[in-house]
Amino acid sequence: GKAPILVNDSPGFYTSRIFCAYIDEGMAMLAEGINPALIENAARQAGFATSPLAVTDEVSLDLQALVIGQAERDGLADKFLRKAAAPVVARMNALQRLGRKSGGGFYDFLEDGTKRLWAGLAEEFPIAKTQPDITTVRARLLCMQALESARCLEESVLTSSSDGDIGSILGLGYPAWTGGTLSYIDTLGEARKTLVDEAT
């Protein structure tokens, strides 16, 4: 029942690289002072299967600390662009807010099975007075995974754009309306070309 894609051997392969790009962008925006509710709602509005802070809680923040630490030891921290997320991961680990498995991370997990954003986030990551609009936040989340997919194609981690599109939608919940990460880039490129043609 699976849809296989072909990737070449590389640290993080493909899906882990673009997954980390997604959750890291969510944590980077949190560190910038963007309201966590805005981050999460923008992801839902865009059509992602799960919002970035919520899915980070599911995979756990201590695992993210291990992955970031290994990337640093292997000299890959700059390559995988995890610097923006690293301080957030470190702070959450120091607070022992590791995600669902510890009873709370970015979210509090309630006894009735529901969850809500942790009220302490505003103290740990103060909310900026000026907030971006939801369209900007949504674009950042879409574009970070698309850019990492393009890097994977450029480095021959991916052997075709179609594999990247299939992996992003079926494997990671990238919004299906985009056609996948690499098709999304094509769509933006064509839209830009059309605007230029109309202007000239």
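Among residues of the range 82-111 that are under 16 Å from residue 54 (Cα atoms) and in contact (Cβ under 8 Å) with a residue 12 or more places away in the chain, those with a Cβ under 7 angstrom from a residue that is open to solvent by less than 10 Å² (accessible area, probe 1.4 Å) and in a strand (DSSP E or B), sequence gap 6+ or separate chain, pair up as 97/104; 105/99. A single entry from 48, 13 fulfils the requirement of being modelled with pLDDT under 90 and among the aromatic types (Phe, Trp, Tyr): 13. Tell me yes or no: at least one residue of the range 112-122 is more than 20 Å from the chain's Cα centre (by Cα) and open to solvent by less than 30 Å² (accessible area, probe 1.4 Å). Within the range 112-122, one or more residues are more than 20 Å from the chain's Cα centre (by Cα) and open to solvent by less than 30 Å² (accessible area, probe 1.4 Å).
Are any residues in the range 25-61 over 13 Å from the mean Cα position of the chain (by Cα), within 19 Å of residue 128 (Cβ to Cβ) and of a type in the set (Gly, Ala, Ser), and if so, which ones? Passing the criteria: 31, 33, 37.
Which of the residues spanning the range 123-149 are in a helix (DSSP H, G or I) and either among the small types (Gly, Ala, Ser) or open to solvent by less than 40 Å² (accessible area, probe 1.4 Å) (or both)?
Residues of the range 123-149 that are in a helix (DSSP H, G or I), as a first pass: 123-124, 134-149.
Listed by number, the residues that qualify are 137, 139, 141, 142, 145, 146, 148, 149.
Kindly establish whether residue 152 is buried (at least 19 other Cβ atoms within 10 Å of the Cβ) and within 30 Å of residue 189 (Cβ to Cβ). The answer is yes for residue 152.
Would a scan of the range 103-110 turn up a residue that is surrounded by fewer than 15 Cβ atoms within 10 Å (Cβ to Cβ) and in a strand (DSSP E or B)? Steps first, answer last, please.
Taking the range 103-110 first, the residues surrounded by fewer than 15 Cβ atoms within 10 Å (Cβ to Cβ) are 103, 110.
Filter once more, keeping what is in a strand (DSSP E or B): none.
No, every residue in the range 103-110 fails to be surrounded by fewer than 15 Cβ atoms within 10 Å (Cβ to Cβ) and in a strand (DSSP E or B).
Applying the selection to the range 104-134, what residues are at pLDDT 95 or above and hydroxyl-bearing (Ser, Thr, Tyr)? Answer for the range 104-134, where residues must be at pLDDT 95 or above and hydroxyl-bearing (Ser, Thr, Tyr): 107, 130. Just to be sure before I move on: is residue 166 farther than 13 Å from residue 49 by Cα, touching a residue at least 12 places away in the same chain (Cβ under 8 Å) and out of contact with any helix residue (DSSP H, G or I) (no Cβ under 9 Å at 6 or more places or on another chain) in the structure I sent? Against the criterion (farther than 13 Å from residue 49 by Cα, touching a residue at least 12 places away in the same chain (Cβ under 8 Å) and out of contact with any helix residue (DSSP H, G or I) (no Cβ under 9 Å at 6 or more places or on another chain)), residue 166 qualifies.
The values are calculated or read from the model by the stated rules, or taken from the named source; none is laboratory data. All figures in this text were calculated on a predicted structure; none of them were measured in a lab. Please note: Cβ atoms are built from the backbone with ideal geometry, for glycine as well, and neighbour counts cover all protein chains shown. Accessible surface is based on the protein model in full, side chains and every heavy atom, while ligands, DNA and RNA are left aside. Shrake-Rupley method; radii C 1.70, N 1.55, O 1.52, S 1.80 Å.
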